[in-house]
Amino acid sequence: MNLTVNGEPRNLNAQKTVAEYLADLGFDPRTVAVEYNGEIVKRATYAETRLSDGDRLEIVRFVQGG
C-alpha cells in the first residue's frame, strides 16, 4: 500500500489505522495533529481511521520552546 506522508512517498505492507501508523513511527498521539486526505482527523478517531492505498497524511508535531 502506498501513502504520501508529509509530501514523501511511503510504503506499508499491511493496512493500518492512523493510531497504529503513529505508533510505528514512535509518535505519541497526544503530541501530533494529523491531516488525512485534506481533513483534520479528531484524535478520538485515530484508532478508527483506516489508511488506504493512495492516502495522503500530514503529521505535525507539537514542540515546546522558549
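Table for the structure above
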read-out: Matching residues, segment 46-66, being closer than 15 Å to residue 5 by Cβ, of a type in the set (D, E, K, R) and at pLDDT 95 or above; value: 53, 55, 56, 58
read-out: Test: residue in segment 4-18 that is open to solvent by 100 Å² or more (accessible area, probe 1.4 Å), in a loop (DSSP other than H, G, I, E, B) and either in contact with a Lys or Arg (Cβ under 8 Å, 6 or more places away or on another chain) or at positive phi (or both); value: yes
read-out: Selected residue (criterion: nearest to the chain's Cα centre (by Cα)) from residues of segment 19-32 that are within 18 Å of residue 63 (Cβ to Cβ) and surrounded by 13 or more Cβ atoms within 10 Å (Cβ to Cβ); value: 22
read-out: Counted residues, segment 51-66 - those being surrounded by 13 or more Cβ atoms within 10 Å (Cβ to Cβ) and part of a strand (DSSP E or B); value: 4
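The values are calculated or read from the model by the stated rules, or taken from the named source; none is laboratory data. Bear in mind the structure is a predicted one, so any value in this text is a computation, not a measurement. A quick note on method: Cβ atoms are made from the backbone with ideal geometry, for glycine too, and the neighbour counts reach across all protein chains shown. These accessible areas exclude ligands, DNA and RNA; they are computed on the full protein's heavy atoms, side chains included. Shrake-Rupley method; radii C 1.70, N 1.55, O 1.52, S 1.80 Å.
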